[in-house]
Amino acid sequence: MRRFLIFTLALVFATGAGAFAQTVPPGTPPAPGRPTANLVLDAMMASARAASVNPTAAQSASLNAAAAIQRYNMGDFNGARSAAIQALIEANRLPQTPIPVLQSTIPQTSALHTQPFLIPGGGVAAIDANAFVAQARGAVAACAQRNSPNAAAATQHLNAAIADEKAGRYQGVSVEARAAVDLCAAAQQQLNQQR
């Protein structure tokens, strides 16, 4: 039993040391005391701490810390600071957590069995016919106000459109209403040319 416990502890320490060794960047770390050296050392420590929280971030931070050490040893202090700052950013990156999918508590079948909304006036065709008649009324009123010679013919077409609307012949409504509007438009063009 003691051998098993010792073997288990040795295995735990070996795997922990292996994980720590993977996060410690290679190279000779700088001696502390200068601001850039301290920043590089902070980046090394942060990448080592990140190994227990976020291994993916620790790996990226370790690469940036290794680049910071290498640049510091070469004398590129600006590059070392930049790489150390990037290592700190990577080491402090939060691990990605999956967003839970919320399940609806509203029964989904209720929306499938609803009746379509009722349209007042009988339907889309009736609404369109009503709009055509309203447009023709406006055009005929403008013709009559301007004493257009086509006002009488446009009025006949308007009356035919109103009769078709009442009878439910919606195709005829659009034809008659357009004829009334066209007659009044032609009269308006003639009046504009005379002025």
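Since every read-out is calculated from the coordinates, none of them should be taken as a lab result. All figures in this text were calculated on a predicted structure; none of them were measured in a lab. Reconstructed Cβ throughout: ideal geometry from the backbone, glycine too, with neighbour counts over all protein chains shown.
Starting from 0.36 nm per residue, how many nanometres of slack lie between residue 185 and residue 126 once their C-alpha separation is accounted for?
My answer for the length gained is 18.8 nm.
With +1 on the Cβ of every Lys and Arg and -1 on the Cβ of every Asp and Glu, and nothing else charged, how large is the dipole of region 124-189 about its Cα centre, in debye rounded to the nearest 20?
Values: 5 positive and 5 negative charges, 26 e Å.
For this selection, approximately 120 debye.
Net charge within 11 Å of residue 161 by Cβ-Cβ distance, Lys/Arg positive one each and Asp/Glu negative one each, not counting residue 161 itself? Each step should come with its number before you reach the end.
Values: positive: 137, 166, 169, 178; negative: 164, 165, 176.
Here the charged neighbours net out to +1.
Once the other residues with Cβ under 12 Å from the Cβ of residue 172 are scored (Lys, Arg +1; Asp, Glu -1), what is the net sum?
On the way: positive: 166, 169, 178; negative: 164, 165, 176.
Combined, the nearby Lys, Arg, Asp and Glu give 0.
Is the C-alpha gyration tensor of region 124-189 telling us rounded, prolate or oblate? Criteria: a/c under 1.5 is rounded; beyond that, a/b larger than b/c is prolate, otherwise oblate.
Values: a/c = 2.50, a/b = 2.18, b/c = 1.15.
Note, shape of region 124-189 comes out prolate.
If I stretch the segment between residue 76 and residue 169 completely, what's the gain in nm (0.36 nm per residue apart, minus their alpha carbon distance), one decimal?
Values: separation 93, 0.36 × 93 = 33.48 nm, distance 8.74 nm.
Once the chain is fully extended between residue 76 and residue 169, it gains 24.7 nm.
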